[in-house]
Amino acid sequence: MKYIEFDQSREMDIILLGRVTIDFNPLDYYKSLVESETFRKYVGGSPANIAVGMARLGKKCGFLGKVSDDQFGRFVVEYFEKEGIDTSRISKCEHGEKLGLTFTEILSPTESSILMYRNQAADLQLSVADIDEEYIKNSKALLISGTALAMSPSREATLKALQFAKKNNTKVIFDIDYREYNWASRDDMAIYYSIVAHQSDIIIGSREEFDITEALLDPGRDDHTTAKYWCDQGSRIVVIKHGKEGSTAYTYDGNDYSIKPFPVKALKGFGGGDGYASSFLYGLLEGYEIIECLEMGSAQAAMLIASHGCSADMPSAEAVKEFIRESKEKYGDMVARA
Ligand SMILES: Nc1ncnc2c1ncn2[C@@H]1O[C@H](COP(=O)(O)OP(=O)(O)O)[C@@H](O)[C@H]1O
Ligand SMILES: O=C(O)C[C@@H](O)[C@H](O)C(=O)COP(=O)(O)O
C-alpha cells in the first residue's frame, strides 16, 4: 500500500530547507572536547546532511538556504555542487553573518554530545525574498527542518515555503529536528512546530520532539495518541523514533509498522537521524512499501552511527541494500512483527 503519491512529472525530487553548517568531529575521539585537539571538517546541519544523503542515493535534491560570504560558505556550496545538489537557491548573507559551527564530542560509542556556535547564524537569515513559488512547484517534496522556525527572518521564509508547497501539492515533510539553540522559549517551539505539523504530509520526530510540539495541545500523549491526532489533522505518515529502541511509522489508515535498529559497532551516537531520514524518504519516493522504507532508514542510520562523519559518510543505495542483506544473514530480520 502506497501512503503518499508524489507528482512524478516534477523534475526535482526534494527541496531541503534550513540549516547548513560545519561539523568539526574530533579525530582523537573517546575523550572530552576539553581534551580533543584534532578535528575533521564536514558539511553539517541536519537538512544539509539529508540533502547529501538523498543525492548519494540517487535523488535530485535542491537546497533552500543561506551561507556566509566567506571561505566556509564557499566550502559548503562547492561540496553540494560536487554532490550534484542544486545550489541555485542558496544565497550569501550580506551583513557578515557566519555559518554555524558544530563541535562534536564523542566520549564513547554510546555517549556523544554536540556544542553549537550559532550566534547570528547564517542559516537563520533565510528571508521571504529567498522563497520563490516556481522552485517549490517544480519539486515532488519539501523537507522543512524545525530549527528554521526558531527565529525571524528564517521563520517567515519557512512559513512562506510551506504555503507555496500546500498550494502546489508539493508534499511537506516536517523533520522536527529539535535543537535548543536560538529558540526564545518552549512556547515558541510549541507554537511554530505545531503550525507546520498541522500542515505536513509526513512528520518525523523523537518522542521528546513530539512532546515539545504538543506542549500547548495535550501534553503527555503516548505514541498511538500522537499519531492518531496528527493523522486526523491530515498527515499521511507519522514516524516516531526511539533511538536504540527502534522506530515506528503510523499511517493515516490506522496501521503501524515498526523496525528495530540494525546491530552495528557504533563509533558515535549522532548522525543516525539524518541517515534514517535520507533512506526512509528515498524509499517513499521510489514507491517502496512502508516497511521497506523503514528497513532502509534503520539500516542507513546504523551505517552512520558506525561512521566518523555524517554528510561525508552517506552511502549509496546499493551499499544500504548490501548492508541489509549481510545483516539479515548474520542477525535475521529487523522488522518488529506484532
Ligand atoms: N546504537 C545504534 N545502533 C544502531 N542504530 C541506531 C543506534 N542508535 C540509533 N540508531 C538508529 O538511528 C535512528 C535515529 O536515532 P534517534 O536517536 O532516534 O534520532 P536522532 O539521531 O534524530 O536523535 C534510530 O531510529 C535507529 O534506527
Ligand atoms: O544537525 C546539525 O546541525 C549537526 C549535525 O550535522 C550533526 O552532525 C548531528 O548532530 C546529526 O545528528 P542526528 O542525525 O540528528 O543524530
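The numbers here are math on the coordinates, done by the rules we state, and not lab data. Since this is a predicted model, take the numbers as computed values, not measurements. Cβ: placed from backbone, ideal geometry, glycine included. Neighbour counts: every protein chain shown.
Kindly establish whether Arg19 is within 30 Å of Val128 (Cα to Cα), basic (Lys, Arg) and within 22 Å of the chain's Cα centre (by Cα).
On the way: within 30 Å of Val128 (Cα to Cα): yes; basic (Lys, Arg): yes; within 22 Å of the chain's Cα centre (by Cα): yes.
Taking the combined requirement at face value, the residue satisfies it.
Residues checked against (1) part of a helix (DSSP H, G or I); (2) more than 16 Å from Lys241 (Cβ to Cβ); (3) in contact with a strand residue (DSSP E or B) (Cβ under 7 Å, 6 or more places away or on another chain):
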site: Ser258; (1), (2), (3): no, no, yes
site: Lys265; (1), (2), (3): no, yes, no
site: Gly275; (1), (2), (3): yes, no, no
site: Tyr288; (1), (2), (3): no, yes, no
site: Glu295; (1), (2), (3): yes, no, yes
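Which one is farthest from Met189 (Cα to Cα) among residues in segment 213-226 that are within 16 Å of ligand 1 (Cβ to nearest atom) and surrounded by 18 or more Cβ atoms within 10 Å (Cβ to Cβ)?
Applying the first criterion (within 16 Å of ligand 1 (Cβ to nearest atom)) to segment 213-226 yields 213, 223, 226.
After this cut, where a residue has to be surrounded by 18 or more Cβ atoms within 10 Å (Cβ to Cβ) as well, the list is 213, 226.
Values: Thr213: 7, Thr226: 17 Å.
Checked segment 213-226; the qualifying residue farthest from Met189 (Cα to Cα) is Thr226.
Looking for whichever is touching a residue at least 24 places away in the same chain (Cβ under 8 Å), surrounded by fewer than 21 Cβ atoms within 10 Å (Cβ to Cβ) and more than 30 Å from Lys31 (Cα to Cα) here; the options are Tyr229, Tyr252, Tyr257. Which one fits? Give the steps one after another, and end with the answer.
Values: Tyr229 fails: touching a residue at least 24 places away in the same chain (Cβ under 8 Å); Tyr257 fails: surrounded by fewer than 21 Cβ atoms within 10 Å (Cβ to Cβ).
Of Tyr229, Tyr252, Tyr257, the one residue that is touching a residue at least 24 places away in the same chain (Cβ under 8 Å), surrounded by fewer than 21 Cβ atoms within 10 Å (Cβ to Cβ) and more than 30 Å from Lys31 (Cα to Cα) is Tyr252.
I'm checking my understanding of the structure. Among residues of segment 189-212 that are touching a residue at least 12 places away in the same chain (Cβ under 8 Å) and among the charged types (D, E, K, R), which one is surrounded by the fewest Cβ atoms within 10 Å (Cβ to Cβ)?
Within segment 189-212, the first condition is being touching a residue at least 12 places away in the same chain (Cβ under 8 Å), and the residues that meet it are 189-210, 212.
Pick out the ones that are also among the charged types (D, E, K, R) and you get 201, 207-209.
Details: Asp201: 24, Arg207: 16, Glu208: 11, Glu209: 22.
This residue is Glu208.
Considering only segment 260-288, state which residues are more than 14 Å from ligand 1 (Cβ to nearest atom) and surrounded by fewer than 20 Cβ atoms within 10 Å (Cβ to Cβ).
Hits for segment 260-288 are Glu286, Gly287, Tyr288.
Search segment 46-59 for residues that are closer than 24 Å to Tyr178 by Cα and pair each with any residue that is within 12 Å of ligand 1 (Cβ to nearest atom) and assigned to a helix (DSSP H, G or I) when their beta-carbon atoms are under 6 Å apart and the residues are at least 6 apart or on different chains.
The qualifying pairs are Ser46/Asp274; Asn49/Asp274; Ile50/Asp274; Ile50/Ala277; Ile50/Ser278; Gly53/Ser278; Met54/Ser278.
Pairs please, first residue from segment 299-310 and in a helix (DSSP H, G or I), second anywhere and acidic (Asp, Glu), Cβ atoms under 7 Å, 6+ apart in sequence or on different chains.
That search, which allows pairs on different chains as well, returns Leu304/Asp274; Leu304/Asp313.
Taking Glu111 as the residue in question, decide whether it is without any contact (Cβ under 8 Å) to a residue 40 or more places away in the chain and either within 13 Å of ligand 2 (Cβ to nearest atom) or of a type outside the set (A, V, I, L, M) (or both). If you could, list the steps in order and put the result at the bottom.
Values: without any contact (Cβ under 8 Å) to a residue 40 or more places away in the chain: no; either within 13 Å of ligand 2 (Cβ to nearest atom) or of a type outside the set (A, V, I, L, M) (or both): yes.
In short, no.
Step by step: first the residues of segment 40-57, then only those that are touching a strand residue (DSSP E or B) at 6+ places or on another chain (Cβ under 9 Å) and more than 23 Å from Thr158 (Cβ to Cβ), then the one that is nearest to ligand 1 (Cβ to nearest atom). Which residue is that?
Tyr42
Tally up the residues in segment 123-145 that are within 21 Å of Lys92 (Cα to Cα) and in a loop (DSSP other than H, G, I, E, B), please.
Qualifying residue count, segment 123-145: 4.
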